[in-house]
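The values are calculated or read from the model by the stated rules, or taken from the named source; none is laboratory data. Just so we're clear, the structure is a prediction, and the values are computed from it rather than from any experiment. Methodologically, a virtual Cβ is constructed for each residue, glycine included, from the backbone with ideal geometry; neighbour enumeration extends over all protein chains shown. With ligands, DNA and RNA removed, areas are computed over all heavy atoms of the protein, side chains included. Shrake-Rupley method; radii C 1.70, N 1.55, O 1.52, S 1.80 Å.
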Amino acid sequence: KDQVAIVTGASRGIGREVARQLAEKGVKLAILGSSQDIHETAEDLKEEEYENIQSFVADVSKENDIERVVQATEKAYGKIDILINNAGIGAFKKVEDVTVEEWEKTFSINVQGVFLATKAVLPIMKKHQFGTIITVASDVSRYTIPEAGSLYTSTKYAVQGFMGAVAQEVREEGIRVGTINPGMVDTYFANSKQGLPEKEKWLKVENIAESIVYMAGVPKHMLIDELHLHPLTQTYPR
Ligand code: NJP
């Protein structure tokens, strides 16, 4: 109750459902996405009678955008308890087909975006000696599978390493840092569409969002630092 959360990449997919489930719990929200679609998410939530939803068009890879959102959130609600680093893009090509532009863009969103948002909220969380930061990484942040490709895989390995190191830095300040590593989730990821018949057995956004909300809601003295979730039908290395 009376918690405040920022959710990145909430225009659609996992982030949108995380925002909806947090709103359901009465959490005050600042949601952001790089397109105008983010305002639609906010309008839809308001139509469901949820209050305290602020939406921002902001690119996680841009420091000024993130600073603007974090400052506006602190001004509106007085604190930030939860950051969900969810925004991310996929680029699945063989290494020799990846361009430098694709490499830089994917790293700037998937890795630099997580760095910037984390860096921006930490001083506020430290002031209150409390906070939870959960980053949506991936199953491929812990092992490699051929379909994921080297670019996407290396961004998620980077995120995993970054969050693990930050977790050590801030735990004495009452701040919990963790990652959630999903397998295949039925979203709009990598120019896909939600609800396609071939994705029927994949994880649903509700499954991931419920787990994120659970991770963020455990008692203050407790940390869930990593959660792995797969569709039962997905094979993965072990
Ligand atoms: O993808 P999608 P997911 N700045 O495409 C936003 C990880 N994951 O929900 O920018 C700010 O439906 C975009 O909004 P907009 C994955 O790596 C997924 O599946 O307005 N926001 C949209 O809301 C990612 O980290 C699977 O167009 C930006 C959202 O991001 C996370 O799950 C498996 C942005 C993407 O929604 C959510 O992806 C796995 C920017 N620069 C990990 N660029 C899976 N789906 O199978 C994009 O292991 N967004």
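Mind listing P(r) for the stretch 1-84? All alpha-carbon pairs, 5 Å bins, whole percents.
3, 18, 30, 27, 17, 4, 0
In deg cm²/dmol and to the nearest 500, what is the mean residue ellipticity at 222 nm of the chain if only DSSP H runs of at least 4 residues count, each as -39500 (n - 2.57), divided by the residue total? Working shown, then result.
Working: 7 runs with 96 residues, N = 238.
It lands at -13000 deg cm²/dmol.
Given a Förster distance of 41 angstrom, what is the FRET efficiency for R238 paired with R68, based on the Cβ-Cβ distance and rounded to 0.05?
0.40
³J(HN,Hα) across the stretch 192-197 via Karplus (A = 6.51, B = -1.76, C = 1.60, θ = phi - 60°), whole Hz, x for Gly/Pro?
8, 10, 7, x, 5, x
Convex hull volume of the Cα atoms in the chain, per residue, in Å³? Kindly include the intermediate steps, with their values, before the conclusion.
On the way: hull volume 28.9 nm³, N = 238.
Per-residue hull volume (Cα only) is 122 Å³.
Report the FRET efficiency, 1/(1 + (r/R0)^6), for Q194 and K75, where r is their Cβ-Cβ distance and R0 is 30 Å, rounded to 0.05. Spell out each step's value before the answer.
Values: r = 34 Å, r/R0 = 1.14.
Taking R0 as 30 Å, the efficiency between Q194 and K75 is 0.30.
So which of K75/K193; K62/K199; K25/K75 end up more than 26 Å apart by C-alpha?
Pairs exceeding the cut-off: K75/K193; K62/K199.
Can you tell me the accessible area per residue over the chain, all protein chains present, probe 1.4 angstrom, in square angstrom?
50 Å²
Write down, largest first, the equivalent ellipsoid semi-axes of the stretch 94-227 in whole Å, where each equals the square root of 5 times an eigenvalue of the alpha-carbon gyration tensor.
28, 20, 12
How much of the accessible area of the stretch 4-229, in percent, comes from carbon and sulfur atoms when a 1.4 Å probe is used? Don't jump to the answer; show the numbers that get you there.
Working: 5370 of 10760 Å².
The nonpolar share, carbon plus sulfur, comes to 50 percent.
Length gain on complete extension for the stretch A165 to Q54, per 0.36 nm per residue less the alpha carbon to alpha carbon distance? Don't skip to the answer; put the middle values down first.
Values: separation 111, 0.36 × 111 = 39.96 nm, distance 3.05 nm.
Net length gain for the segment: 36.9 nm.
What distance in nm separates the simple spin-label points at L229 and E40, each placed 7 Å from Cα in the Cβ direction?
It is 2.4 nm.
Can you tell me the order of 132-142, 87-97, 156-166 when each peptide is scored by its average per-residue count of other Cβ atoms within 10 angstrom, highest first?
Per-residue Cβ counts within 10 Å, averaged per peptide and sorted highest first, yield 132-142, 156-166, 87-97.
Efficiency by 1/(1 + (r/R0)^6): what FRET value for Y214 and S150, r their Cβ-Cβ distance, R0 = 41 Å, to the nearest 0.05?
That pair, Y214 with S150, gives E of 0.80.
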